[in-house]
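Chemist: Before we start, here is the structure in question, set down as structure tokens.
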């Protein structure tokens, strides 16, 4: 697990509409499709045995080893309060690099299936609804309609952080 410092002001800077454009890896959780910036994706792996770590929230499935390093694995279905399902041959782990607590960490995200990589222009990305739901979902960058179906673009740095994983530093062997 490598950690590197980042500027403190970056965490507080809101994302502007023009900054949301670019390439996104899209994936499925049930009937819904989500997207994360390709620049955040480090690897896509088939589902594999996950070592359970006691006393973690239900959505933290445990850790997997990737090139000799343990990385935490979060089941996005459970993180988003969706019903749990059995893993299938299409279930995979998307390894992303997130900025959390002033460092960069790798986290595995369990998703139902990877869909495709799509490029979105600024005018295609809509803001999330302004209802009270926006306060409950600050991790949504925007929404895009593709072939009549909405895709939700995620700010992965806000979806997962070390604060979600009690004892993260000790699990990962960091001081």
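Chemist: Looking at this structure, is residue 53 surrounded by 13 or more Cβ atoms within 10 Å (Cβ to Cβ) and assigned to a strand (DSSP E or B)? Before you say what the answer is, go through the steps one by one.
Modeler: On the way: surrounded by 13 or more Cβ atoms within 10 Å (Cβ to Cβ): yes; assigned to a strand (DSSP E or B): no.
Considered against the rule, which asks whether it is surrounded by 13 or more Cβ atoms within 10 Å (Cβ to Cβ) and assigned to a strand (DSSP E or B), residue 53 comes out as no.
Chemist: Sort out which residues of the stretch 92-111 are surrounded by fewer than 18 Cβ atoms within 10 Å (Cβ to Cβ) and under 16 Å from residue 62 (Cα atoms), and write them in order of number.
Modeler: none
Chemist: I need the full set of residues from the stretch 65-88 which are touching a strand residue (DSSP E or B) at 6+ places or on another chain (Cβ under 7 Å), within 14 Å of residue 47 (Cβ to Cβ) and not in a strand (DSSP E or B), in order please.
Modeler: 76, 77
Chemist: Let me ask something else. May I ask you to verify whether residue 99 is at pLDDT below 95 and either under 12 Å from the mean Cα position of the chain (by Cα) or closer than 15 Å to residue 158 by Cα (or both)? Break it down into steps so the answer makes sense when it comes.
Modeler: Working: at pLDDT below 95: yes; either under 12 Å from the mean Cα position of the chain (by Cα) or closer than 15 Å to residue 158 by Cα (or both): yes.
Considered against the rule, which asks whether it is at pLDDT below 95 and either under 12 Å from the mean Cα position of the chain (by Cα) or closer than 15 Å to residue 158 by Cα (or both), residue 99 comes out as yes.
Chemist: Which residue pairs have Cβ atoms under 6 Å apart, sit 6 or more places apart or on different chains, and have a first residue in the stretch 65-77 that is at positive phi and a second that is crowded, with 18+ Cβ neighbours inside 10 Å and modelled with pLDDT under 90?
Modeler: none
Chemist: Of everything in the stretch 119-151 that's at pLDDT 85 or above and either part of a loop (DSSP other than H, G, I, E, B) or more than 21 Å from the chain's Cα centre (by Cα) (or both), which residue is nearest to residue 20 (Cα to Cα)?
Modeler: Checking each candidate, the answer is 121.
Chemist: Same structure, new question: Can you tell me which residue among 30, 35, 22 is surrounded by 13 or more Cβ atoms within 10 Å (Cβ to Cβ), modelled with pLDDT of 90 or more and at positive phi?
Modeler: Matching residue, one of 30, 35, 22: 22.
Chemist: So, of the residues in the stretch 152-175 that are assigned to a helix (DSSP H, G or I) and at pLDDT 65 or above, which turns out to be nearest to residue 77 (Cα to Cα)?
Modeler: It comes out as 159.
The values are calculated or read from the model by the stated rules, or taken from the named source; none is laboratory data. Predicted model, so just to flag it, every value in this text is computed and none were measured. FYI the Cβ positions are ideal-geometry reconstructions off the backbone, even for glycines, and counts take in every protein chain you see.
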